[in-house]
Each structure stands twice: as C-alpha cells, then as structure tokens.
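Engineer: Quick one: this structure, given as structure tokens, is what I'll be asking you about.
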Amino acid sequence: MGGLTIRYLMRRIGIYLFTVFASATLVFLIARATPGDPVESRWRQIEMDQGQIPEIEAIIARYKTRFGLDDPLSVQYVKYLGNTARFDFGYSFSQFPTPVWRLIRRALPWSLGLSVTTLLISFFVGNTVGAIFAWERTPRFIKSIIPSTLIFTSVPSVLAALFLLYVFAMLLRWFPLAGAYSRDVQPGWNWPFILDVIKYGTLPVLSILIVNVGWTVLGMRAMLVTIAGEDYVRLAEAKGLNPFYTLYRYKVRNALLPQLTGLALSLSGLIAGQVLVETIFAYPGMGLLIFQGIRSQDYPVIQATSYMLILLTATSVLLIDLLYPLIDPRITHDGGQA
Amino acid sequence: MTAATSNRLSSTLPSPASGYQDVKLSFKHSPWYNGKLLAGASVLGLLVLGLLVGHSVWDQELAYVGSSPLNLPPVGLEYKGQVGTWAHPLGTENAGRDMLALIIIGAPRSLLIGFTAAIIGLVVGVLLGFSAGYLGGRVDDVVRLATDITMNIPGLLVLIIIQSALPRAGFFTMALLLSLFSWQGATRVFRAQVLSMKQSGYVLMARLSGSSPFDIMFKEIMPNLMPYLVSNLTFGTSYSILTMVGMEVLGLGAQRIPSLGVTLNNAISASAILRGMWWWWALPTAVLIMIFMCLLLIAVGMDEVANPRLRDA
Amino acid sequence: MTTDQVMTIQNLSVEYPTPERTVFAVNDISFEIKRGEILGLIGESGSGKTTAANAILRLLERPGRVAGGQVWLNGETELLSLPEHEFRQLRWSELALVSQGAMNSLNPTMRVRDQIADGIRAHETNPAALTKRALQARIHELLTMVGLPDRVYRVYPHELSGGMKQRVGIAMAVALSPALVIADEPTSALDVITQRVVAQTLLDIRDRLGISVLLIGHDIALMAQLADRIAVMYDGHIVEAGPVTEVLKSPAHPYTRMLMDSMPSLLERKPLVVVDEAAKLEFSHYLKPPLRFVEVAPGHRVAQFD
Amino acid sequence: MKQNLLEIRDLTKIYGGGLLSQSPPVVALQHFDLLIPEEPAQIVTIAGESGSGKTTLANLILGFVRLTSGLMLYRGMDVTRMTKAETLTYRREVQAVFQDPYSVYNPYYRVRHIFDVVIKNFRLGSGRRESRDLMEDALRLVGMKGEDILHKYPHQLSGGQRQRMMVARAYLMKPTLIVADEPVSMIDASLRAMILDIMLKLRDEHNISFLYITHDLSTAYQIGDEMHLLYRGLTVEKGSTMRIIENPQHAYAKDLIASVPVPDPAKKWQGRIQMADENEATRHTLSPRPVYWEVEPGHWVAEG
C-alpha cells in the first residue's frame, strides 16, 4: 500500500492550498463588504482631520484607477489573488505610504521566534513531564503534582501574561516590562543582543507555554495510561528489560504519534494566544501589529497580518502532518519487499 | 488520519469487563461520582448563583462611566491617598466604574455568550459528525474536508478580520460568529464515535430490529455519548469565551457594553499594571480563570467518566 | 543441584479485593512442571488459569495480589519472594512468555529483529554474543527455527500475518533457552491451519531445545494434541491433574467429565450433553477448601467430591 | 408452486475500487450459489477461515452491504428490489445471531430493551400484557425466565445467557431464517452445546432454517445439514456436512480438516503442514466461475 503515502500527501497539500485560498478570499470579501470603499473613506478621514482638501474627488478617482478599484469585481479578485500570492498587500493607512508588507517583514521574525521557541519547549518538556507522571516507578510525591498542571491548563495565555507581567516585571523587576530588546544594544549576531532578546522574550514565552505545556502533559499521560494496557508492553515487562528502556522504546515511542497530531491541533490556539500575549508585552510581532492596526483602524494592516498568521499556522500544521508518516512505520513501511 | 487523531483526551468508551459479576453499583461507585466533575460543577454553580444574587442586590447603574469616584481601591486598602469604602467594595477604575458592578454584569455576559456559541457549535457539530459518520460517502468527504480546513485556522484571526470591518455585532451575531469555530471538535469526536459504533453489535442489532436511522442515532448511540457531549460543551464554552475575551482585549467587539474582556482592554490601555491598580485587571482575570478552571474540571471529569482507564494511574 | 522439576507451584492463591468482598481468582493450587514437558493448564473463562500464569510471571494487574504460596524455579529459587531486580534477571533468561494477543503482542514501531534483540541484550552476559554480527546470526537462526523466512528479520510487525507474528513471539521467547516458557492461549486468535502450524512450532522447539512449556488454554482438543500432562481448573481450583492420556480417557472429576461430554469433535457425531449456567454452578459445591486429592492412577490426581 | 426460501445465484461482492478510491478492489466473495428450500428447515453451514468471505455473505444477506453482482431471491422476491412493505417483512423474517454476545447489547439499557425495540418496531404485540407474554414465551424456549433477567444490565449476565437471549429475540419475530454468525465461538465450551441444542430445536419444532456461519468444523459436524466450504471468497466444496468432513476432496478441505484437533491424545496430527509465506494483505482477485464436479450424490468439489 505504498499509495497511502502519496494519497496522504496529496490530500494534505490540497487541504493546505484550499485553506490558504479560502482565507485570502475571505479577506477580499470582507474588505469589499466594508461600507464605502477604503480609498474614499481614507481620504474623507484625512479631510476630516486636516480640513478641506481641494480637488479631493479627483485625487480619489486617481487613486481608484491606480489601485484598480474601477475594475469589475472579478478582475479585482483575480488581481488581488495575484498580489496576495506575491505578499503584496498594498499600503498601510496609518503609516502611509509604507507598504503593509514592510511592516509585516519587520514583525514576522519576532513572532516566528516566539512561536518556534514555545512550540519546541512545550513539545519536549510537556512530553517528558507527561511521561514522568505516567510512569509507574515515579515516586508518589511527584505524581501528586499532577492536579496543579490542571490549573495551568485552564489559565489562558492572555491572563497568564497579565499575571507574569505584574509579578515578575512590575513587582520583582526581574524582567523588562515591554518590547523585544533594549535601546542600548546593537541588533545583530552579538552576545549582548542575543542575551537581551532572551531576557525580553522569557515572559512572553512563559505566558504561552503555561497553558500549552499543561495540555501536552495531560495528553501524554492519557496516552501512556492507554498504552500501558497493551500486550506488547506486558511482554516487554515479561522480558525483564530495563524499565527505563521499556518506558521510552515501548511506551513513549508509541505515544508520540498521537501527540504529534495533538500538537498540530493545538497550533491554532497557540497562535491566537500569542497574538494577545504580544499585545500585552508590546512585543513587536504580528500580534502587536494587529492591535495597533485595530487602534488606528488600519484595515489593510489588520487583514494582511491576520491573513499572514493564518497562512503561517496552516503551513506549520502541514509541516507537522508531513512529519507523521516519517515516524510511523505503518505508513512508510508497508509491503515489506522494498 | 485515523484513530490516532481523535480528541486528545478522549480515546475510547469504557471497555466492558467480559466476566460477569452481579455487583450492585452504589452512587459512590458509579463512574459519575467523579471528584473533578463534582468540584467543577459545584464551584461553577456557586459562581453563577452569586452573580444572579448580585444582579438583584447590587446597583447595576454603577457599571457606567462616571457613576462612582475614580481610581478607588478595594475596601480596606489605600491607593494614592484614597481609601476603599464599602460603597465600592472591589474598588473603581479610572472612568469611575464600580468593579463589582462590572463583574456582575460582565461575567454572566461572557458566560452566556460563550455558552450560546458552544451550544450552537455543539448542535451543528453533532449533526455534522453524525451525518458524516453514519451516512459516509460524499457527505463524509465534505464534512471531513470542512473540518480539516477550518481546524487549521485560528478562529480569533478570522474573527478579527470580520470584526475589523463589521464592528457592530449584537449578542446573537457574536455568538453565531464564535460558533463558527466551536463545531469542529464535536464533529471530529462524534464522527469517530459514530463510525466505530456503526459497526458495533448493538447498532447492527437495532438495524435488524427495524429501527429507523433517527432511532438508531438518538436512542441507541446518543445515550452512550453523553459524557462526550458534556465534555465538548464545556470545551466549546471555554474556547468561545476565550476567543471573545481575546477580541475584546484587542479592542474589538461591542466596547460600550461592559464585559470582562472590555474591562481588561480598558485596564491595559490605561496602563493599569504600571499604575499599580491591580484590582482593575486582576479581579476580572480571577473570575475568568475561575470559570475556565471549572469548565476544565468538568471536561476532564467527563473524560474520566467516559474512559475509566484515566481514573487512576 | 539438578532436579527433574523445572517449576513447582505450592499452594498458590491470588486475591482481588473489591469493595464488597475479596475474590480468590486462584485458590490454593499446587502443581509441578517437569523438565522438557508440556503441561496444559486448562479451564474456561474465569477459571483463573491466566491469573495463575500472571502470578507466576509477577505480572498481576492491580488490585490483584498473591495471597499465599510459593513458586520454585529449578527447585532452588523461590520466585515470589525474590527482590524485584533479581527477579528481573531471571525474566526471559529462565522464564519467558508467549502472549495471548497474536495481533498486539509486538511493538508496532520496532522492527522484529530489534524486539528479539533487546531481550537478548538485556540478559546475555557473554560479550562475544552481543556483537552485531553474532546477534544477527542468532536472530536469523531463531527465525529459521520457527520456520520464518529471512525477510522477517527486517520488517515491522504490521507486515506479518497473525500466524507469523505468533511464531516471532515463540522465537523471541526461546532466544535465551529459558527453563520454562509460559504460553498463554498462544493460538486462540488464529485460524485452524495456522493454529496447527504454530502448535507444530511449539512442539519442535520443545523437542529441539528441551524447553518446558506451561500451555494455558481452553480447548481440550488442542491440549490432547500438545500436552504431556494436563491440569483442569475450575473456579480458581485445580480439580484434576494427570497425564493427558489418562485424564482424557478416564476423566474422574464430574467437571472434567462434563467438559468432555459437551465437547464436539470430528471423531463422532453424537448428541451433546447440554449444560447451563446453573448446572455449571453445581460443581462449585464440590469445592470446599482445602481440597483433598486422591490418586486414582499413577500421577492422576482428582479433587475429592461427594 | 413451491418456492425456495432463499436462493442465491452467482453472488459476488467486491469492496472498494471505486472511482475515488485509490486502494485496489478486494474481492470478498465470488460466484456464490445457495439454495435453502422452504421445507424442511435445515441448518446450512458456511465454513471457512478468516478472509474466506463467510462474514461478507452474512452481511449481504442481512442487507448491511450491497451486492456487486448476482441474484438474491427471498421467497422468489429479488432482495435488492423489494417494496417498503416487503423489506419490512424480510427484515423481520430473516434474523441474526452474532458472534459477540456482549456488544450486541446497548450498555445504556437493561437487557429487555432488545425485546422492547422489536415489539415496538414490528408491532408484534399490543399492550404490556401481550408484550410480556411474547417475551416470556420466547425466553421459555431458551430455558430462561423473564423475572430472572429482563431487568438486568448486559454485564450482569453470563455469555451463555446473553447469547440465549439473542436467540430468543430472533425467535420472537417468528423468522424463517436465522443467520447465525459464529454464534458459539465466544461462548465457554461447556455452554456451547446448549446454544447448538436450541438451534436444533428451532429447526425441528419451529421450522426455522439456519445459515450457520463458522470456522469451527467440529460444531458444524454435530448439527449441520448442508455445508459450503469457502476459501478466499470461493466455494471449494459443497454438499452434506457429514460427507465433506468424512470424505474431503479438495486439497484445501483436506488440509483444513486434517488440522482440526481432536480431543483424543491417541489420534495426534499426522505429518506436517506447510504454510506458504502468507501475508495478511493477500488480495483476492476475480476469477472465472469454477467448474464443480459431483464426486458422490450431492457432494460437489471445485476443480483445481
């Protein structure tokens, strides 16, 4: 059944492409559904702020022609899809004439760094801790900590962020209050900067981690409890193998497959949480960009940034799902003759 | 994507012991006698009761701007020369709104909207999951595709896009929008369960007994899925509340109606943390965390009811 | 000290405490397994045969626990009182298991060769036997011994049929030439022809390596084909034990007789004796511990009944 | 005109292989013929190992899966083209007993639920009293009493009791045919005879025919009248159960019968059996309809 891999791949990539296409279309439709059109409302706003502008009608008309807003909707749509594919999202309203893409490019590395760090830590730490909790040889007093993970899982990252900010930045002053690095370091590959980034990133990472790691712990524990009843685990015990070897080779190894799926499923929640955490810590990532966009009613920025984050989530889920066949021999090693 | 992709906490229904024994189950030994479940349900019940009592006792006009003195700390505390009074036991914020009134009005709103969204999501999810699992074929393909696609999209972001353009959403519209992202979990779980139960002996027996698909779904399959139903409802409620609070914190949604998220947004905008006005953000946060914790305890308890192997270990 | 008995079980009891009462799943059973023999432990569901095996292997699941008795290996080591780490050393090297679930007894994410190898690695003391080449040769030899083709060496379990998996299980169990292999319903999930092949494999292994087998099962016909001696269990007790020819030819205990009478076979088409649950429960009236045994023929013991 | 109860001609079932499916089709059952006369009732054994297609046959007859090609007539009516009323009759008159006597009970309900449902759906009795009488009547047949068990939950009954209840349930509908799919393979050996005995009683006293689907030739030998031996979706031998078991002709039938263990240590397996390096995923392909030779009256063997 070698076809399974191909089929899985095709289906997965198809879903991915459709997700991206659907969200791009959504952005287009929403933008067009806005009462009034963006160029006109933008100029009317400027007019309200700065007083009468002569020849405003002509200016608006010129812009409309330039942005193709006079074209029929279908032409606009096709152009829009083409632009989106090239990450061309037009200009920011509030920081005109900065292209939205430039704002996103500045914010993206910070957001990516934050999510990759939290994702890796939560997966490795969460599964390790979950395995320790489920292991029958773990001392009772360690197991008695389990209920407290439940508390963590129920605290959403936005609320955890408020708490951490208050305690560790405001009261204890161990960590900075906001931003991604201090003004007095030179950005680049130098140690002061890297240490600074770590220092500024700790609280945001912790805020996102707190909820996510709890879920990973609980998921791992539940999986291991289920697997402990399997015949092959019983046989491993009868073999008199080293208990630790049995734990990771027979139990954890098999529990990781569903845990990876769990990771993919939790990703969209993770990104959503991160948007809020960045806002609270004024961390210069995509979340803060959205927040600022909302404040200044900068629709192109809000829509483009949200779209980019959706794209990012979908891409990461795709990558995780593509990892799955690599670690599941039942998918990759079928037929046996090869 | 097969069995491994079922809900991360729920895996299987109780596997019945094959041996037979005539042991009468007292309530204490019933699976529903679950500490987490009971604790979560009772604390949540008390909270709701408290809010209801508050509604009839406390003056709700105090939730509006300028109804009270500004920046008053909770009773017994002092902040910048002002001492908290019993007139505003939980203090006030910088626009003169009473915190107690804000919570009494805000918390039920958050709960209700989350619950409504979850109910809509659950009904949709169960119907889709049932149809996909039971009918199979094209219906199943379409439902699975829709689920797989929407599950990969962070609901918050889509709602941000929608809300940024159409800011004036009422209660029901809001619940409807939130429910767009709370049906997938139910669909997945119920599809998987129905798929496995469809092959189970008692569903085959019901078909041989001339039962209609409707009877099979609702009389044979549904009663066995009650724990999943409750578990999903609580997860959906938390998820919807969380998403809505998230939007409100970002400054979207109906900002004029006091709700916990809006209060948080105001607190953040006014730098309440830096100004040391902890009650402004900490009280709504505490209420939200309490709600989330209760819902989670109920959900986890339900999972243990459905899967006895999780109970101890 | 050499002894003819690989394993001696004395007055073994296993209890399951439940909120209402304590259930004795295994009730004061004693038997011995001689070197190189296949002893069939036969009983219906709930008779306690698998629980007894788990107790010997110290794999009882909670809340079950050994309530009393001794298990002697080679007449010199008492297994139940052995500290955990010492017992772990005896596992597999002296006491191996062929487990019941043919479909599920192999780790799905490990190659067959690695699953055979890790048992060897955990117990082999001779470093020369642990080189990659030596291990490889040994695993190939084991696979050949149970009649499996060479390709099995490389594959993952899901690429094997049920019968092949169970033969891998046998190869794995005899890898260290243990004194005793406990085979817990090794063929119960298999087709008839596959069952015969796996059973043949088990017999071959016994003949070639002289390994003793405790064969747990419910099928009298299969026991007649494989076992040298059998012990019949009912409701946690051994009610009758002896050479298989003896017991099946002249069953002495009413329960054994009932089992024989209700057993359909291809030998003759006969009206079967119909038994219902109530009639089966009647037999428990014969079981008033402590049971006293009578030797009706050499080596053929029957619990007294009246 | 005398009709046949069930007539099956050249029945083939192929799973998968649809337009959108990427997995190759699997031929589960092919060129299957069967004739069960209205009178006298008989127990027709469908014997075979896993993957032989015997469970597919049960699912086809019970309407759980659709046939790919062939003809299936119940009392002369084409089963695939019945009216609504005819379907309801067919549903009632062709009943089943399954292998696992536990999973057929909905754990949520007391065991009487299985009776209540059929009485309600097929309008078998009106009123409490009549329903209760019907239940008691059916239970009496299998040697049980309503007051002892109806109020219990499935896990409170033994395997034998559960399976007897299932037979009673089938009997309640006054069926003409019961598809018994491995009805005793999960029952303790000592209680099997009881179920088999009830089957004989239903055949002899109530004129109910059985399609006894099993891998266990020993029980088939005890109660079976006709037998069809399946191997990888094809019938390799058919005829009287006794004749096939005592005098198998097809190579596979010989191997199979020689592998059944007999409870006599003096009669051990003769010789050795070799098994090909088989793989579970072995796919069966559609083959031409085999030629059957009549080796003795009523005993047919597939060529090859």
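Engineer: Could you say which residue among D:Thr80, D:Thr56, D:Thr89 is closer than 16 Å to D:Ala180 by Cβ, of a type outside the set (Phe, Trp, Tyr) and open to solvent by 10 Å² or more (accessible area, probe 1.4 Å)?
Structural biologist: Numbers: D:Thr80 fails: closer than 16 Å to D:Ala180 by Cβ; D:Thr89 fails: closer than 16 Å to D:Ala180 by Cβ.
D:Thr56 is the lone residue from the list that is closer than 16 Å to D:Ala180 by Cβ, of a type outside the set (Phe, Trp, Tyr) and open to solvent by 10 Å² or more (accessible area, probe 1.4 Å).
Engineer: So is B:Val158 out of contact with any strand residue (DSSP E or B) (no Cβ under 9 Å at 6 or more places or on another chain), surrounded by 22 or more Cβ atoms within 10 Å (Cβ to Cβ) and in contact (Cβ under 8 Å) with a residue 24 or more places away in the chain or not?
Structural biologist: no
Engineer: Looking at the range A:316-330, is at least one residue within 14 Å of chain C (Cβ to nearest Cβ) and over 26 Å from the mean Cα position of the chain (by Cα)? Steps first, please.
Structural biologist: Within the range A:316-330, the first condition is being within 14 Å of chain C (Cβ to nearest Cβ), and the residues that meet it are A:324-330.
When the remaining residues are screened for being over 26 Å from the mean Cα position of the chain (by Cα), the result is A:329-330.
Checked against the condition, which is being within 14 Å of chain C (Cβ to nearest Cβ) and over 26 Å from the mean Cα position of the chain (by Cα), the range A:316-330 yields at least one hit.
Engineer: Is it true that some residue in the range A:211-224 is among the polar types (S, T, N, Q) and open to solvent by 20 Å² or more (accessible area, probe 1.4 Å)?
Structural biologist: For the range A:211-224, residues among the polar types (S, T, N, Q) and open to solvent by 20 Å² or more (accessible area, probe 1.4 Å): absent.
Engineer: Restricting attention to the range D:151-176, and to residues there that are facing chain B (nearest Cβ under 10 Å), in a helix (DSSP H, G or I) and among the basic types (Lys, Arg), which single residue is nearest to D:Tyr102 (Cα to Cα)?
Structural biologist: In this case the residue turns out to be D:Arg162.
Engineer: Just checking, does the range D:59-70 include any residue being outside any strand (DSSP E or B) and open to solvent by 50 Å² or more (accessible area, probe 1.4 Å)? Steps first, answer last, please.
Structural biologist: Taking the range D:59-70 first, the residues outside any strand (DSSP E or B) are D:59-68.
Restricting the remaining residues to those that are open to solvent by 50 Å² or more (accessible area, probe 1.4 Å) gives D:66, D:68.
So far as the range D:59-70 goes, yes, one or more of its residues are outside any strand (DSSP E or B) and open to solvent by 50 Å² or more (accessible area, probe 1.4 Å).
Engineer: Evaluate the following for D:Gly224: is it surrounded by 22 or more Cβ atoms within 10 Å (Cβ to Cβ), modelled with pLDDT of 90 or more and touching a His at 6+ places or on another chain (Cβ under 7 Å)? Spell out how you get there, then give the answer.
Structural biologist: Numbers: surrounded by 22 or more Cβ atoms within 10 Å (Cβ to Cβ): yes; modelled with pLDDT of 90 or more: yes; touching a His at 6+ places or on another chain (Cβ under 7 Å): no.
When the stated conditions are applied, D:Gly224 does not pass them.
One line per residue, one yes/no per condition, for (1) free of Cβ contacts under 8 Å to residues at least 60 places away in the same chain; (2) over 30 Å from A:Tyr8 (Cα atoms):
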| residue | (1), (2) |
| --- | --- |
| A:Arg234 | yes, yes |
| A:Val252 | no, no |
| A:Ser266 | yes, no |
| A:Ile294 | yes, yes |
| A:Tyr324 | no, no |
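Engineer: I would also like to ask the following. C:Arg196 fails exactly one of the following numbered conditions: (1) surrounded by fewer than 21 Cβ atoms within 10 Å (Cβ to Cβ); (2) assigned to a helix (DSSP H, G or I); (3) not aromatic (Phe, Trp, Tyr). What is the number of that condition?
Structural biologist: For C:Arg196, the failing item is (1).
Engineer: Which ones in the range C:44-97 are within 30 Å of D:Ser185 (Cβ to Cβ), open to solvent by less than 60 Å² (accessible area, probe 1.4 Å) and part of a loop (DSSP other than H, G, I, E, B)? First the steps, then the outcome.
Structural biologist: We begin by selecting, within the range C:44-97, every residue within 30 Å of D:Ser185 (Cβ to Cβ); these are C:44-57, C:59-61, C:64, C:96-97.
Filter again for open to solvent by less than 60 Å² (accessible area, probe 1.4 Å), leaving C:44, C:47-57, C:59-60, C:64, C:96-97.
Correct list: C:Glu44, C:Ser47, C:Gly48, C:Leu59, C:Leu60, C:Gly64.
Engineer: Taking the range A:159-176 as the search range and keeping residues that are touching a residue at least 24 places away in the same chain (Cβ under 8 Å) and part of a loop (DSSP other than H, G, I, E, B), which one is farthest from B:Leu250 (Cα to Cα)? Full working, then the answer.
Structural biologist: Taking the range A:159-176 and keeping what is touching a residue at least 24 places away in the same chain (Cβ under 8 Å), we get A:160-162, A:164-165, A:168-169, A:175-176.
Then keep just the ones that are part of a loop (DSSP other than H, G, I, E, B); that gives A:175-176.
On the way: A:Phe175: 24, A:Pro176: 22 Å.
Step by step, filter the range A:159-176, then rank; the result is A:Phe175.
Engineer: Only one of (1) open to solvent by 20 Å² or more (accessible area, probe 1.4 Å); (2) in a helix (DSSP H, G or I); (3) out of contact with any Leu (no Cβ under 8 Å at 6 or more places or on another chain) is not met by C:Leu203, so which one is it?
Structural biologist: The one condition C:Leu203 does not meet is (3).
Engineer: Considering the range C:105-153 alone, what residues qualify as being over 27 Å from the mean Cα position of the chain (by Cα) and small (Gly, Ala, Ser)?
Structural biologist: Result: C:Ala128, C:Ala129, C:Ala134, C:Ala137.
Engineer: Checking C:Thr125 against (1) free of Cβ contacts under 8 Å to residues at least 24 places away in the same chain; (2) part of a helix (DSSP H, G or I): exactly one of these is not met. Which one?
Structural biologist: The number of the failed condition is (2).
Engineer: State yes or no: is D:Arg203 surrounded by fewer than 22 Cβ atoms within 10 Å (Cβ to Cβ) and within 14 Å of chain C (Cβ to nearest Cβ)?
Structural biologist: Numbers: surrounded by fewer than 22 Cβ atoms within 10 Å (Cβ to Cβ): yes; within 14 Å of chain C (Cβ to nearest Cβ): no.
Taking the combined requirement at face value, the residue does not satisfy it.
Engineer: Since B:Val189 meets every condition but one in (1) aliphatic (A, V, I, L, M); (2) more than 30 Å from A:Tyr307 (Cβ to Cβ); (3) buried (at least 21 other Cβ atoms within 10 Å of the Cβ), which condition does it not meet?
Structural biologist: Just one mismatch for B:Val189, condition (2).
Engineer: Given the conditions (1) in a helix (DSSP H, G or I); (2) β-branched (Val, Ile, Thr); (3) closer than 16 Å to C:Thr256 by Cα, and given that C:Val232 satisfies all but one, which numbered condition is not satisfied?
Structural biologist: Against the list (1) in a helix (DSSP H, G or I); (2) β-branched (Val, Ile, Thr); (3) closer than 16 Å to C:Thr256 by Cα, C:Val232 comes up short only on (1).
Engineer: So in the range A:280-292, with the set limited to residues that are in contact (Cβ under 8 Å) with a residue 24 or more places away in the chain and within 9 Å of another protein chain (Cβ to nearest Cβ), which one is nearest to A:Leu119 (Cα to Cα)? First the steps, then the outcome.
Structural biologist: Restricting attention to the range A:280-292, the residues satisfying the condition of being in contact (Cβ under 8 Å) with a residue 24 or more places away in the chain are A:280-289, A:292.
Checking which are within 9 Å of another protein chain (Cβ to nearest Cβ) leaves us with A:280, A:287.
Values: A:Ile280: 20, A:Gly287: 17 Å.
Taking the candidates together, the pick is A:Gly287.
A quick yes/no check of all residues on (1) out of contact with any strand residue (DSSP E or B) (no Cβ under 7 Å at 6 or more places or on another chain); (2) of a type outside the set (Val, Ile, Thr); (3) surrounded by fewer than 23 Cβ atoms within 10 Å (Cβ to Cβ):
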| residue | (1), (2), (3) |
| --- | --- |
| C:Thr245 | yes, no, yes |
| C:Met258 | yes, yes, yes |
| C:Glu282 | yes, yes, yes |
| C:Val294 | no, no, yes |
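Let's see how each residue does on (1) at pLDDT below 90; (2) hydroxyl-bearing (Ser, Thr, Tyr):
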site	(1), (2)
A:Leu270	yes, no
A:Glu278	no, no
A:Ala282	yes, no
A:Ile290	yes, no
A:Asp298	yes, no
A:Ile302	yes, no
A:Thr313	yes, yes
A:Ser316	yes, yes
A:Leu323	yes, no
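Engineer: I would also like to ask the following. Being over 30 Å from A:Gly229 (Cα atoms), of a type in the set (A, V, I, L, M) and either open to solvent by less than 20 Å² (accessible area, probe 1.4 Å) or at the interface with chain B (Cβ under 9 Å from one of its Cβ atoms) (or both) is the filter here, so list the residues in the range A:135-173 that pass it. Can you show your working first?
Structural biologist: Kept after step one, since they are over 30 Å from A:Gly229 (Cα atoms), are these residues of the range A:135-173: A:155-173.
Next, only the ones that are of a type in the set (A, V, I, L, M) stay: A:155, A:158-162, A:164-165, A:167, A:169-172.
Answer for the range A:135-173, where residues must be over 30 Å from A:Gly229 (Cα atoms), of a type in the set (A, V, I, L, M) and either open to solvent by less than 20 Å² (accessible area, probe 1.4 Å) or at the interface with chain B (Cβ under 9 Å from one of its Cβ atoms) (or both): A:Val155, A:Val158, A:Leu159, A:Ala160, A:Ala161, A:Leu162, A:Leu164, A:Leu165, A:Ala169, A:Met170.
Engineer: Take the residues in the range B:238-257 that are more than 9 Å from every other protein chain (Cβ to nearest Cβ) and open to solvent by 10 Å² or more (accessible area, probe 1.4 Å); name whichever of them is nearest to the chain's Cα centre (by Cα).
Structural biologist: B:Gly253
Engineer: Scan the range C:86-142 for residues that are within 11 Å of chain A (Cβ to nearest Cβ), of a type in the set (Asp, Glu) and more than 28 Å from C:Ala55 (Cβ to Cβ) and jot them down.
Structural biologist: Correct list: C:Asp114 only.
Engineer: Restricting attention to the range B:287-302, and to residues there that are surrounded by 19 or more Cβ atoms within 10 Å (Cβ to Cβ) and at the interface with chain A (Cβ under 8 Å from one of its Cβ atoms), which single residue is modelled with the lowest pLDDT?
Structural biologist: B:Val300
Engineer: Regarding A:Asp231, is this residue facing chain C (nearest Cβ under 10 Å) and open to solvent by 20 Å² or more (accessible area, probe 1.4 Å)? Explain how you work it out, then say what you get.
Structural biologist: Details: facing chain C (nearest Cβ under 10 Å): yes; open to solvent by 20 Å² or more (accessible area, probe 1.4 Å): yes.
Yes.
Engineer: When D:Ser126 is evaluated against the numbered criteria (1) open to solvent by 40 Å² or more (accessible area, probe 1.4 Å); (2) in contact (Cβ under 8 Å) with a residue 60 or more places away in the chain, which criterion, by number, is the only one it fails?
Structural biologist: (2)
Rundown of residues vs (1) within 14 Å of chain D (Cβ to nearest Cβ); (2) touching a residue at least 12 places away in the same chain (Cβ under 8 Å), yes/no style:
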site: C:Pro243; (1), (2): yes, yes
site: C:Met258; (1), (2): yes, yes
site: C:Glu268; (1), (2): yes, no
site: C:Ala278; (1), (2): yes, no
site: C:Pro289; (1), (2): no, yes
site: C:Arg301; (1), (2): no, yes
site: C:Gln304; (1), (2): no, yes
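The values are calculated or read from the model by the stated rules, or taken from the named source; none is laboratory data. In this text, all values refer to a predicted model and were calculated from it rather than measured experimentally. Glycine also receives a Cβ, built like all others from the backbone with ideal geometry; neighbour counts cover every protein chain displayed. SASA here: full protein model, heavy atoms, side chains in, ligands and nucleic acids out. Shrake-Rupley method; radii C 1.70, N 1.55, O 1.52, S 1.80 Å.
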